[in-house]
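The values are calculated or read from the model by the stated rules, or taken from the named source; none is laboratory data. All values reported here derive from a predicted model rather than from experimental measurement. For neighbour counting, all protein chains shown are included, and Cβ atoms are generated from backbone atoms with ideal geometry for every residue, glycine included. Accessible surface is based on the protein model in full, side chains and every heavy atom, while ligands, DNA and RNA are left aside. Shrake-Rupley method; radii C 1.70, N 1.55, O 1.52, S 1.80 Å.
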Amino acid sequence: MILLDGKALSKQIKQEIKTEVDALRKSGGNIPHLAAVIVGDNPASESYVKNKVKSSDEVGFESTVIKKDANISEEELLEIVDSLNKNSDVDGFIVQLPLPRHIDPDKIVLAIDPQKDVDGFHPFNFGSMAQGLDAYLPATPYGILLMLERYNIETEGKEVVVLGRSNIVGSPISILLSRKGNPGNATVTITHSRTKDLDSVLKKADIIIAAIGRDRFVKSHQVKEGVVIIDVGINRISDPSRKKGSRLVGDCDFDDLQNTASHMTPVPGGVGPMTVTALLLNTLKAAKNK
Ligand code: NDP
């Protein structure tokens with residue numbers, strides 16, 4: 001089994017981005033500036049934003065973090081979004097999800113200027129992506145495309161089964177892989193919690209993309225020999241042998257699948273780092289578009 005090492009690949013792509021940023025700096029060009037808004041104290045969100053800022057610093061971008069208490073009102077958050085839209089120093093920004101219950105995430109995403117929407121969540125970017133027009137691709141699906149491309153995994157004519165239909169992973173990756181192009185030109189089946197007889201759907205897959213948030217859900221008996229597995233899921237399970245008392249696992253049972261799959265992403269160290277790298281590439285694109 002070939003490990004699809006997102007950590008190593010993202011390191012390589014970040015080096016390529018850094019080379020471009022160094023050249024921009026030398027020529028007096030616009031240095032990309034990424035801003036991140038984080039609301040509340042969700043430890044997972046804090047760790048995601050920390051990683052994004054760290055990676056942004058590594059490639060030579062400027063970065064800004066705006067941290068707000070969980071009790072911030074929707075109006076106040078919309079004002080922050082508006083000020084970032086208007087701030088010409090900021091090329092792109094993200095509002096880390098999830099948000100506290102009293103804030104409607106759709107309202108916030110809709111308020112982001114699509115030209116600065118480097119997470120690729122705005123319906124304008126989603127629609128442009130679906131029509132094959134220029135767009136900021138949603139970061140996780142973009143990271144998956146990069147991984148398939150760089151590892152030379154053929155998608156043309158392949159049977160791809162996507163588990164999960166969220167707006168940020170399952171739906172967009174289904175659209176992207178069924179589009180004309182490379183990666184693309186695949187026959188894609190999208191599945192969800194109402195799918196009947198998931199096993200028979202999974203069994204025909206050449207490539208499985210799992211994004212459901214169910215710990216080690218996909219097992220070797222459900223898949224065919226030689227399948228490529230892209231595991232997006234991040235699930236924390238208890239593990240008394242670890243200092244923390246827990247560890248992260250994916251939606252696919254890595255240990256059980258490693259003798260059946262031909263290629264597989266680990267969790268952690270697979271899709272996660274690629275998502276951050278895709279965000280950096282979107283920010284670089286935003287800075288160049290300015
Ligand atoms: P959501 O939590 O928004 O949705 C989950 C999807 O999975 C839904 O479409 C749901 O179906 C489907 N689903 C749930 N149970 C089953 C089942 N038993 N069989 C088939 N489908 C099922 O998904 P996200 O895309 O936001 O997140 C998915 C996972 O990916 C999470 O673990 C998340 O933490 C992780 N993630 C990782 C990222 C990374 O960078 N590595 C980035 C983003 C997410 P239905 O629509 O019918 O409810």
Listed residues Lys244, Lys204; which is at pLDDT below 95, at negative phi and either open to solvent by less than 20 Å² (accessible area, probe 1.4 Å) or more than 10 Å from the ligand (Cβ to nearest atom) (or both)?
Lys244
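Per-residue answers, yes or no, for (1) in contact with a Phe, Trp or Tyr (Cβ under 6 Å, 6 or more places away or on another chain); (2) within 23 Å of Leu248 (Cβ to Cβ); (3) surrounded by 14 or more Cβ atoms within 10 Å (Cβ to Cβ):
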{"site": "Ala35", "(1), (2), (3)": "yes, no, yes"}
{"site": "Glu46", "(1), (2), (3)": "no, yes, yes"}
{"site": "Lys52", "(1), (2), (3)": "no, yes, yes"}
{"site": "Glu58", "(1), (2), (3)": "no, yes, yes"}
{"site": "Glu75", "(1), (2), (3)": "no, no, no"}
{"site": "Leu78", "(1), (2), (3)": "no, no, yes"}
{"site": "Lys86", "(1), (2), (3)": "no, no, no"}
{"site": "Ile94", "(1), (2), (3)": "no, yes, yes"}
Please give the number of the condition Phe124 fails out of (1) more than 16 Å from the ligand (Cβ to nearest atom); (2) touching a residue at least 12 places away in the same chain (Cβ under 8 Å); (3) assigned to a helix (DSSP H, G or I).
(2)
Can you say whether Ile66 is open to solvent by less than 70 Å² (accessible area, probe 1.4 Å) and in contact (Cβ under 8 Å) with a residue 40 or more places away in the chain, as far as the supplied structure shows?
no
Meets criteria (within 10 Å of the ligand (Cβ to nearest atom) and open to solvent by less than 20 Å² (accessible area, probe 1.4 Å)) for Leu284
no
Somewhere in the range 219-232, is a residue polar (S, T, N, Q), near the ligand (Cβ under 8 Å from one of its atoms) and in the same structural domain as Pro172 (by TED's automatic domain parsing)?
no
